[in-house]
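Quick notes on the structure that follows.
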Amino acid sequence: MPAIIETRDLTRRFGELVAVDRLNLTVEQGEIFGLVGPDGAGKTTTLRMLCGLMNPSEGTATVAGHDVVRDSQAVKDQIGYMAQRFGLYADLTVDENMTFYADLFDITGRVREELTAQLLRMTRMEPFRARQAGRLSGGMKQKLALMCTLLHRPRILFLDEPTNGVDPVSRRDFWTILYQLLKDGITIFMTTAYLDEAERCNRVGLMHRGRLIRCEAPEEMKRATAAASLEGAFIKTIHSVEGVTRS
């Protein structure tokens, strides 16, 4: 499969702090890739650089064939980005929020009606169209945020810990939606704090202190470290890296 995301020595510094350190990564079209690591590992900074929202200090990145610095607008036209705190308007209804974002993307007429109806069916949010966003549950807010992100039919979906703080049933529903998007040909790049979610990805990258220290399929990672779970594989990998650093 062709690479749709590629980085070469991608680095971001904030003063003396190296948030992302020489990241080399390739994501293939049509896969779901999970970036996992503790707080401060550099996951969100990586996503923001890939979305053209933050320039790297060094290195390069291409998304959908476009350089994230030179062609940042072309990148933004091809992607959907769902931040940890998506900008929903609490006093607007589900329908009104979707109308607002459709206006931002200049989606009108029959195309808007068809897309809105399709997304509402997919997320099972049809009964809540008239409810204000501020009165939705955490899981339904995430579904609404995802619908707004998908309105312009992006090729790549960037999700920054999309199910953080969401109840288990809503997390399951959210993943059902993600798998449907994969069937529709959308590439998904996500960060997650949940290791059981990471196991559902085609491939997983483990970040630690700004560096990508392992990147492979979850099952391969578990076999390589002789761990029964992905959590065990991550713990062994991090301990191994820290042991080398100390020695």
Under 12 Å from K143, Cα to Cα: aspartates and glutamates that are on another chain or at least 8 residues apart: E126, D173
DSSP bridge orientation in the chain - percent antiparallel, rounded to nearest 5: 55
Reach of K222 by Cα under 26 Å, taken over lysines that are not fewer than 8 positions away in the same chain: K43, K236
Selection of trypsin sites (Lys or Arg not before Pro), the range 70-143, meeting DSSP coil and at most 13 other Cβ within 10 Å: R70, R85, R124, R129
Calculated P(r) tail over 25 Å for the range 1-118, as whole % of Cα pairs: 36
Range of Cα positions in the chain per principal axis (Å), largest first: 62, 41, 36
Among R48, R203, R223: highest mean-square fluctuation, GNM of the chain, C-alpha pairs under 10 Å: R223
Rg to Rh quotient for the range 114-195, alpha carbon positions, Kirkwood Rh: 0.93
Amide H within-cut-off set for E28, under 5 Å, with H built and near neighbours excluded: I4
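Laboratory data are not the source of any read-out in this text; all were calculated from the coordinates shown. If you're wondering where the values come from, they're calculated on a predicted model, not measured in any experiment. Here the Cβ is made from the backbone with ideal geometry for all residues, glycine too, and neighbour counts use every protein chain on show.
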